[in-house]
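Note sheet for the following structure.
The values are calculated or read from the model by the stated rules, or taken from the named source; none is laboratory data. This is a predicted model, so every value here is computed, not measured. Note that we place each Cβ from the backbone using ideal geometry, even for glycine, and neighbour counts take in every protein chain shown. Side chains included, ligands, DNA and RNA excluded: accessible areas come from the protein's heavy atoms. Shrake-Rupley method; radii C 1.70, N 1.55, O 1.52, S 1.80 Å.
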Amino acid sequence: EALPDGIVIVGRGGRIAYANQLMQRLSGYSRRELLGKPIELLVPEAARFDHERHREGYAGSPRARPMGMSLDIALQRKDGTVFPADIALSPLTTEPELLVVAAVRDATERRQAQRLLAVLEDRERIAKELHDGVIQALFAVGMTLQATEAKSGDREVVRNRLAEAVDSIDEIIRDLRNYIFGLRPGLLADRRLDEALRELTAEFQERTGIVAAVDIDPRVAARFANSSGPLVQIVREALSNVARHSQAGTCRLSFLERDGQAMLEIDDDGRGLDGRRAGSAGQGLRNMQERAAAIGGRFSLESAPGQGSTVRVTLPL
Ligand SMILES: Nc1ncnc2c1ncn2[C@@H]1O[C@H](COP(=O)(O)OP(=O)(O)OP(=O)(O)O)[C@@H](O)[C@H]1O
Ligand SMILES: [Mg+2]
């Protein structure tokens, strides 16, 4: 009687042989109303027929097994209302006739919490992808077009820049489709991680005029192929920050082994951050930190005014 679950014991022919107090409370039936009734009394009407068939199957090969942990199992109360339930079934083998003990727990809150969590996780993921992928990419296209305005006397340059902007927009559309389907950023679709990082940096240099050196150990990159998505997004955001905030002349992307650890760094020789600016309303730094943590890495930002800045992700090898 002191168990935290509602308990019913089901005997021959699926008839209820015992119900504890909590089971009475969960179902709204008194013990007298339950005893001797088919267990299907507690099963929602639509599922009763199937339940009988399942029960007969269970009687043929009784094995303790949890039920309802992944299935959408529900019970019906006396007043006709239905509630989701987690149910664990186990046979009582000591008895001459097969008795089955069912432990029943109201799963309303657990399932609601689960659903809410899934929605929140999804929302967080989409916010990140849009911020690091789409917003930064659109920002880059905007910069290209702005630079074009200044050159509008030179038709050749204007034509090339416009063609680039159109290409970039096509890529952003492809990325958006990928995010929507929960896939990895399009840059990775047909490339290895080291190739994708090189490509990102080359695009960055072409677009911003900031000279960008790349130093990637392909073996280190290959070790983190499974984390390609987050790593690419970290680099994207770090480069976007260099383009937007640093006024740097050069920058360097490296992904190497150092002291037995893998180290991803994005370095620039720009004006650096002061404490106040780093705490600004932006989301980029926080996203990078969270992405690094999610793949087991440590994120750090080193910078001093006038001394450039270094974004670093350290990963265990
Ligand atoms: N490489 C850099 N050089 C100089 N300042 C930087 C650099 N990276 C970041 N900052 C400063 O740190 C601030 C916070 O960066 P963060 O990426 O979090 O936000 P943001 O880039 O302003 O906005 P968001 O990334 O959300 O579009 C920036 O606003 C900028 O002032
Ligand atoms: Mg940013």
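Shown in residue order for segment 263-271 are the 3J(HN,Hα) couplings computed by the Karplus curve 6.51 cos²θ - 1.76 cosθ + 1.60 at θ = phi - 60°: 10, 9, 10, 10, 10, 9, 9, x, 7 Hz (x for Gly and Pro).
What does the net charge come to around ARG207 if you take all other residues with beta carbon closer than 13 Å to its beta carbon, with K and R at +1 and D and E at -1?
So the environment of ARG207 carries a net charge of -3.
In straight Cα distance, which lysines are under 26 Å from LYS37, not counting same-chain residues fewer than 8 positions off? The reachable lysines, counting only those whose Cα sits under 26 Å from LYS37, are LYS78.
Pulled fully out, how much extra length does the chain show between ASP79 and GLN283, if you take 0.36 nm times their separation in residues and subtract their Cα-Cα distance?
Full extension of this stretch gives 68.4 nm more.
Using the Cβ-Cβ distance between ARG223 and ARG159 with R0 set to 41 Å, the FRET efficiency works out to roughly 0.45. For the chain, the calculated P(r), taken from all Cα-Cα distances in 10 Å bins from zero up to the bin holding the longest distance, is 5, 20, 21, 11, 10, 13, 12, 6, 1, 0 percent. Solvent exposure of segment 6-106 amounts to 58 Å² per residue of accessible area, where only protein heavy atoms count and the probe is 1.4 Å.
Highest mobility in the GNM of the chain, judged by mean-square fluctuation with C-alpha springs under 10 Å and restricted to GLY270, GLY11, GLY60, is found for GLY60. Between PRO84, PRO96, PRO230, the Gaussian network model of the chain with springs among Cα atoms under 10 angstrom shows the greatest mean-square fluctuation at PRO96. Seen from ASP5, the other residues with C-beta closer than 10 Å to its C-beta sum to a net charge of -1, counting Lys and Arg as +1 and Asp and Glu as -1. Between amide H atoms placed 1.01 Å from N, distances below 5 Å from ALA74 occur with ALA85, all of them 5 or more places distant or on a separate chain. Within the accessible surface of the chain, defined with a 1.4 Å probe on protein heavy atoms only, the carbon and sulfur portion equals 53 percent.
Over the chain, Cα pairs under 8 Å with separation of 6+ residues give a relative contact order of 10 percent. Comparing GLY209, GLY36, GLY133 in a Gaussian network model of the chain, where Cα atoms under 10 Å apart are tied by springs, the biggest mean-square fluctuation is seen for GLY36.
Taking θ as phi - 60° and the Karplus parameters 6.51, -1.76 and 1.60, the scalar couplings of segment 219-226 work out to 6, 5, 4, 5, 4, 10, 4, 5 Hz in sequence order, x denoting glycine and proline.
What does the net charge come to around VAL313 if you take all other residues with beta carbon closer than 11 Å to its beta carbon, with K and R at +1 and D and E at -1? Local net charge: +2.
Taking 0.36 nm per residue of sequence separation and removing the Cα-Cα distance, the LYS37/THR250 pair yields an extension gain of 68.6 nm. The simple spin-label model puts a point 7 Å past each Cα toward its Cβ; for THR93 and LEU117 those points are separated by 3.3 nm.
Measuring r between the beta carbons of ILE173 and HIS54 and using R0 = 41 Å, the FRET efficiency lands at 0.25. Going by Cα centres, segment 194-241 and segment 115-147 are how many Å apart? Comparing the Cα centres of segment 194-241 and segment 115-147, I get a distance of 18 Å.
With both labels modelled 7 Å from their Cα along Cα-to-Cβ, the ARG12 to ARG298 distance reads 6.9 nm.
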